[in-house]
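Q: Here it is, the structure in full.
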Amino acid sequence: MSKSYLDLINECDKFPYPQDDPAYYQQCIAKYHKFKISGCNAVLGYIPNKVVTKFPWPQECWSIDKAAQIVTLVTPPDATTATRSELLAHSLSIARKADVFDILRGWRDELYPIYGPGKELLASIERSGSALFGVVTYGVHMTAYVKDAKHGLQIWVPRRSRTKQTWPGMLDNTVAGGTSTGEVPFECLVREAMEEASLPEDVVRRHAKTVGCLTYVYVRDARAGGETGLLQPECEYIYDLELNPTVIPKPCDTEVEDFRLWTLDDVKVAMAKGEFKPNCAIVLIDFFVRHGIITPENEKDYLEIQARMHRRLELPTK
C-alpha cells in the first residue's frame with residue numbers, strides 16, 4: 001500500500017503521547033524501567049524491561065528498584081562526568097563481552113552525551129549502547145539539491161550499504177550522522193559530508209544552511225539492527241545545501257552504495273513505497289514543507305505533520 005506523509009511520520013515518531021490516550025500510554029510505558037543517575041532527580045532514559053532482566057549489571061554501581069521500575073547508576077557524591085562515563089563504559093563492556101545484546105556487536109568507539117535537566121553534561125555513553133538506555137541522541141541531516149530549467153528541483157539520494165548493521169539497503173538523506181560528545185553540529189556536518197559524500201569542506205562551509213531541528217521518539221524494529229522495542233528519542237539538526245550541478249556527491253567510505261540525482265516525483269514515489277529510512281523520510285517531509293511542496297492547501301494532515309516533527313521530548317535535552 002502507498003504510504004501517506006502522515007503514515008511516514010507515524011513510523012518515525014512512534015511512541016504514544018500521554019495526553020492522547022493516558023491509559024494506552026501507561027500500558028506502553030509500563031514495558032520500560034526509568035533510567036536515572038544518583039544525584040539527579042530527572043529521568044534520563046527508558047530501558048525495556050527485557051533489557052533490565054538480561055543485562056549483567058555490576059552490583060557495585062547499579063541499583064534496581066523493581067517495584068518502581070527504576071534503574072539507577074549509583075555514583076559517589078563527588079562524581080564527575082568522567083566518573084559516570086567510566087562506570088557506564090565498564091558496564092557496557094561487561095555486557096559486550098558476555099555477548100548478551102546483538103546491538104553491542106556494532107560497537108562504534110564513539111561517545112554520545114547524556115544531559116541533565118540544567119543542560120549540564122552528566123555523562124557520555126558508547127554509541128551502540130545508547131539505545132539500550134533510551135537516552136536522547138543527536139545528529140545532523142542534510143538535503144543536497146540542484147535546480148535547472150529542465151528538471152526543476154532535484155535531490156541527491158544515497159542508498160545505504162546492504163552490509164550495514166542498521167537499515168541495510170534503504171534510502172537515506174544526502175548526508176547524515178550522529179553528533180558525538182563535545183562535537184558542534186555544523187562541524188559534525190562538515191565531517192560527515194566529506195566522509196559519506198566526498199563533498200568538499202569549502203562548499204559545505206560556504207553554502208550549507210541551517211534550517212531547524214526535528215524531534216521524535218522512535219521505537220526500534222528489526223530493520224534498525226539489534227534488539228527490537230528499544231526507545232530512541234532523537235533531535236536532528238537539519239541543513240539544506242543547494243549544489244552547483246558540477247558538484248557530484250560520491251561514496252567515500254563503505255556507508256553508502258551510490259548517489260542518485262532524483263526528481264521530486266522520483267523521491268515521492270520512493271517515500272510512498274517506504275524505501276527511505278524512517279527518520280530520513282521525515283527530513284524530506286520537512287524539506288517539502290519548507291520549500292512549498294507540501295502546503296495546507298494540498299495536504300489534509302498538514303497541522304499534525306508539522307506538530308509531530310517537532311515533538312517536545314519528555315527527557316532532558318541539550
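The values are calculated or read from the model by the stated rules, or taken from the named source; none is laboratory data. Bear in mind that the values here come from a model prediction, so they are computed numbers and not experimental data. Neighbour counts are summed over all protein chains in view; Cβ atoms, including those assigned to glycine, are modelled from backbone coordinates with ideal geometry.
Q: Do you know which of the residues in the range 1-41 that are among the charged types (D, E, K, R) and under 19 Å from the mean Cα position of the chain (by Cα) is farthest from D221 (Cα to Cα)? Break it down into steps so the answer makes sense when it comes.
A: From the range 1-41, those among the charged types (D, E, K, R) are 3, 7, 11, 13-14, 20-21, 31, 34, 36; that's our starting set.
When the remaining residues are screened for being under 19 Å from the mean Cα position of the chain (by Cα), the result is 7, 11, 13-14.
Working: D7: 16, E11: 10, D13: 13, K14: 11 Å.
My answer is D7.
Q: Where residues in the range 7-34 are under 28 Å from R84 (Cβ atoms) and in contact (Cβ under 8 Å) with a residue 40 or more places away in the chain, which of them is surrounded by the most Cβ atoms within 10 Å (Cβ to Cβ)? Walk me through how you get there before you give the answer.
A: First pass over the range 7-34, keeping only residues under 28 Å from R84 (Cβ atoms): 15, 29-34.
Retained after the next criterion (residues that are in contact (Cβ under 8 Å) with a residue 40 or more places away in the chain): 15, 31-32.
Values: F15: 20, K31: 13, Y32: 22.
Only one residue fits best here, namely Y32.
Q: Further question on the same structure: So I238 ticks every box in (1) among the β-branched types (V, I, T); (2) in a strand (DSSP E or B); (3) more than 13 Å from the chain's Cα centre (by Cα) but one. Which box is left unticked?
A: Only one criterion in (1) among the β-branched types (V, I, T); (2) in a strand (DSSP E or B); (3) more than 13 Å from the chain's Cα centre (by Cα) is unmet by I238, namely (3).
Q: Next question, about the same structure. Is it the case that some residue within the range 75-88 is in contact with a helix residue (DSSP H, G or I) (Cβ under 6 Å, 6 or more places away or on another chain) and either surrounded by 20 or more Cβ atoms within 10 Å (Cβ to Cβ) or among the polar types (S, T, N, Q) (or both)?
A: yes
Q: Further, regarding this structure: Scan the range 146-198 for residues that are of a type in the set (G, A, S), at pLDDT 95 or above and over 16 Å from the mean Cα position of the chain (by Cα) and report the count.
A: 4
Q: Something else now. So, of the residues in the range 250-303 that are farther than 24 Å from R220 by Cα and of a type in the set (D, E), which turns out to be surrounded by the most Cβ atoms within 10 Å (Cβ to Cβ)?
A: E299
Q: Hey, among K97, K36, which residue is out of contact with any strand residue (DSSP E or B) (no Cβ under 9 Å at 6 or more places or on another chain), at pLDDT 95 or above, at negative phi and assigned by TED's automatic domain parsing to the domain that holds Y115?
A: K97
Q: With the checklist (1) surrounded by fewer than 16 Cβ atoms within 10 Å (Cβ to Cβ); (2) in contact (Cβ under 8 Å) with a residue 60 or more places away in the chain; (3) among the hydrophobic types (A, V, I, L, M, F, W, C) in hand, flag the one item I37 doesn't pass.
A: (1)
Q: Separate question: Can you confirm whether T53 is in contact with a Lys or Arg (Cβ under 9 Å, 6 or more places away or on another chain), polar (S, T, N, Q) and not in a strand (DSSP E or B)?
A: no
Q: Assuming I125 fulfils every condition listed in (1) in contact with a helix residue (DSSP H, G or I) (Cβ under 6 Å, 6 or more places away or on another chain); (2) crowded, with 19+ Cβ neighbours inside 10 Å; (3) in the same structural domain as I238 (by TED's automatic domain parsing) apart from one, which condition is it?
A: The one condition I125 does not meet is (3).
Q: Right, next: Taking the condition of being free of Cβ contacts under 8 Å to residues at least 12 places away in the same chain and in a loop (DSSP other than H, G, I, E, B), how many residues in the range 263-306 meet it?
A: Matching residues across the range 263-306 total 6.
Listed here are the residues, each with its yes/no results for (1) part of a helix (DSSP H, G or I); (2) surrounded by 21 or more Cβ atoms within 10 Å (Cβ to Cβ).
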site	(1), (2)
E196	yes, yes
V203	yes, no
R206	yes, no
C213	no, no
G229	no, no
N244	no, no
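Q: From the list G212, G225, G229, pick out the single residue that is farther than 18 Å from C280 by Cβ and either at pLDDT 95 or above or under 19 Å from the mean Cα position of the chain (by Cα) (or both).
A: Testing whether each residue is farther than 18 Å from C280 by Cβ and either at pLDDT 95 or above or under 19 Å from the mean Cα position of the chain (by Cα) (or both) leaves just G229.
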